[in-house]
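What follows is a set of notes on a single structure, which appears directly below.
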Amino acid sequence: MTVPAKLHLRLPATSANLGPGFDALGLAMALYLTIDAEPSEAFRIEATGRNADLCASLENNLILTTYTHILTTNNQPATPLFLEIHNEIPLGMGCGSSAAALLAGVFLANHFGNLNWTGQKILEEAAHREGHPDNVAACYHGGMTASAMSSGSVITATCGEDLTWSLLLALPSASLATEKARALLPPTYSRADAVANIQNTALLVSAFAQNRGDLLRTAMQDRIHQPYRMEACPLLPRLLTLSGSPGILGIALSGAGPSVLIITDESDPSILFPRIRQAAEDPTLEILQTTISTGAACLIQ
């Protein structure tokens, strides 16, 4: 029996929603989940980087549970794997760690199970498991990706891959489960709130497509999810006051929070750190500096 070739994966972090684009927009960031996988006698993981202990655990590991469930569902044996993982994505902070893990599990199942799925099928499998397409679509395609579910299919469009804006992630010390963040949202919205978000989302896509940083202060304003999550994400209201100030183009909750995404056109974004920490009232606030990323890379070795 032919032994499957080794597989190398690199999956970017993502910041979803981007303010008004609730469950529709995602931005790929140059912080990566990197995996080298090969068949093994038993499942085994060696992990380095951020949250290495959690990434190395075999219990409740989203990558492995996704991998084994897909193969079992498709009547294929789940070949044990040895995974070498290096993680740069903050876990439980609204930075798309679950989307990257889900996509990794689907890529691994497709390769080691010889499923011969198309890229679109891989994307849709991950999106259905996530429950919404915004993070996985941006993780797969990169850039700023708009996505929608239509009759079970995931429809996407990507722009902004070459923008030179820098991205800052302000990370509070405590994480926030997506389920808890979603539970804070109301069941219905007013027409005024819906119209405001439609207008701002249209502006936001245009800003990324046309390199219009001047639009972001207005375009990243939201009335659908951020107002209801501020109590659970107290860093957000403190930092929103900086939006549109010198060097800061726009600010939004990253995903469901609690991290906050800041988009800047400063050539040296680190000069903004003291101002951000002062607004946050936290001199030790962790701030990650990164850029817009390309999408997932999958290489057979």
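Read-outs: derived from the displayed coordinates by stated rules, not from any lab. These numbers were taken from a predicted model, which means no experiment stands behind them. For neighbour counting, all protein chains shown are included, and Cβ atoms are generated from backbone atoms with ideal geometry for every residue, glycine included.
Only helical DSSP H runs with n ≥ 4 go in: add -39500 (n - 2.57) per run for the chain, normalise by residue count and round the 222 nm mean residue ellipticity to 500 deg cm²/dmol. Before the final figure, lay out each step's value.
Numbers: 11 runs with 101 residues, N = 301.
My calculation for the chain gives -9500 deg cm²/dmol from helical runs alone.
Comparing P283, P187, P172 in a Gaussian network model of the chain where C-alpha atoms under 10 Å apart are linked, the largest mean-square fluctuation is found at P187.
When the GluC sites (Glu not before Pro) in region 47-106 are filtered for DSSP coil states and for at most 13 other beta-carbon atoms within 10 Å of their beta-carbon, the remaining sites are E59.
What is region 166-291's relative contact order, in percent, from Cα pairs under 8 angstrom and six or more apart in sequence?
Details: 186 pairs, mean separation 47.9, N = 126.
The value is 38 percent.
Estimated at 0.36 nm per residue, the fully extended path between R277 and L62 surpasses their Cα-Cα distance by 74.1 nm. With the convex hull drawn over the C-alpha atoms of region 28-138, the volume per residue is 97 Å³. Scaling against 2.2 N^0.38 Å puts the C-alpha radius of gyration of the chain at 1.00. Expressed to the nearest 5 percent, the antiparallel share of DSSP beta bridges inside the chain is 90 percent. Tell me, how many Å apart are the Cα centres for region 201-232 and for region 178-199? First find each Cα centre; the distance between them is then 14 Å. Whole-percent P(r), region 144-301, all Cα pairs, 5 Å bins from 0: 1, 8, 16, 19, 20, 17, 11, 5, 2, 1, 0. For region 264-295 versus region 102-121, the inter-centroid distance based on Cα atoms is 36 Å.
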